[in-house]
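Notes follow once the structure below has been shown.
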C-alpha cells in the first residue's frame, strides 16, 4: 500500500526533477481509478461546474458543491494527496470568511490542501491560511473564475508587462507560503522561466514542457463528454464518450426488441423459494398451515358454547 504524498515530498520531486502528475476527479469511482493508476495528486477542481454540473463557467460552483464532491473523492482515493478548489467569492472577502471557508473544505471535504486563483493580490490570504496550518496551492495565468474580466479563455503572458506580472505573482505566492502553483494557458518560454525562478513546484496546464508537472481534466483525457471539443493543450488517451453512448444504445435496442433479459438473466425458483424472496420462508408457510389445522381444536382456557 503506497503512502500519500506530502507537500515536502512534492517539493523534493521538483528538486529531483521527478515530474508530478496531477488529474482532476469529482467522484468516488474516478478518484479510485486515478489512484489505482498511480496519479500523484488529485485536484477536485471547480471545473466540475463545466464537466459535471453543466455550467458554462466555474463561477456558479458553490462551496457546498466542492465539499460534496471532495468527500466522495476522499473516499475513493484514501492514499492520494487531494487538493480542492476554493470556489468563486469564498476567499478575498475578508480574512475570517476565507479561513472559515477553507476550514470547511478541509474538515468536511477531507482535502489535504486548497487551491486559490490569483497572485500578489491574494498573497495575504495565502499567508493567513498557511499560518493557520492549511496548505495552499496557487493558480495564476488564465484564472477561470476571472474569465469575464480577462475577456475570455486566452493565452496569458504574451506581452512583456503581463509576463513580468506573472513572474511577480509567482514569487509573491511562494513568499506567502504556497507549496505549489498551477500555471494555466501561459506561453512555454514564460512558464519555463517561472518554474526556474521559484523553488516550489509549478504544475502546468497548457503551459508547455518546462513545468515541474502537468494537470489535465479527467473528462478531457478520456473524451468523457458529448460533444467533445478538442483542445490544443490536451492529449486524449481514450474515447469513453463514444463507448458509453454506443453501449447505452445497444441496451435500449435490446430492451425494445426483447433481447434483454435473456435466460441467463432471470431466476427460476420453486413456489416456496419465491415466497422467501418476499420476506417469508418455507417454515413460515408450514407454520401457517399448522395454525389453520389447529384452529378448530379447543384452546386451553377458552370456554366453548
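The values are calculated or read from the model by the stated rules, or taken from the named source; none is laboratory data. Source: prediction; values computed, not measured. Note that each Cβ is placed from the backbone with ideal geometry, even for glycine, and that neighbours are counted across all protein chains shown.
Working only within segment 53-65, note down all residues that are closer than 18 Å to residue 216 by Cα and crowded, with 18+ Cβ neighbours inside 10 Å. The one that is closer than 18 Å to residue 216 by Cα and crowded, with 18+ Cβ neighbours inside 10 Å: 58. Residues in segment 113-142 that are part of a loop (DSSP other than H, G, I, E, B) and surrounded by fewer than 19 Cβ atoms within 10 Å (Cβ to Cβ): 132, 133. Kindly evaluate residue 91 against the criterion of being surrounded by 14 or more Cβ atoms within 10 Å (Cβ to Cβ) and more than 28 Å from residue 198 (Cβ to Cβ). No, not satisfied. The single condition among (1) modelled with pLDDT of 95 or more; (2) touching a helix residue (DSSP H, G or I) at 6+ places or on another chain (Cβ under 7 Å); (3) within 30 Å of residue 236 (Cβ to Cβ); (4) surrounded by fewer than 20 Cβ atoms within 10 Å (Cβ to Cβ) that residue 197 does not meet is (3). Somewhere in segment 200-217, is a residue touching a helix residue (DSSP H, G or I) at 6+ places or on another chain (Cβ under 7 Å), buried (at least 16 other Cβ atoms within 10 Å of the Cβ), assigned by TED's automatic domain parsing to the domain that holds residue 138 and assigned to a strand (DSSP E or B)? Yes, that holds for at least one residue.
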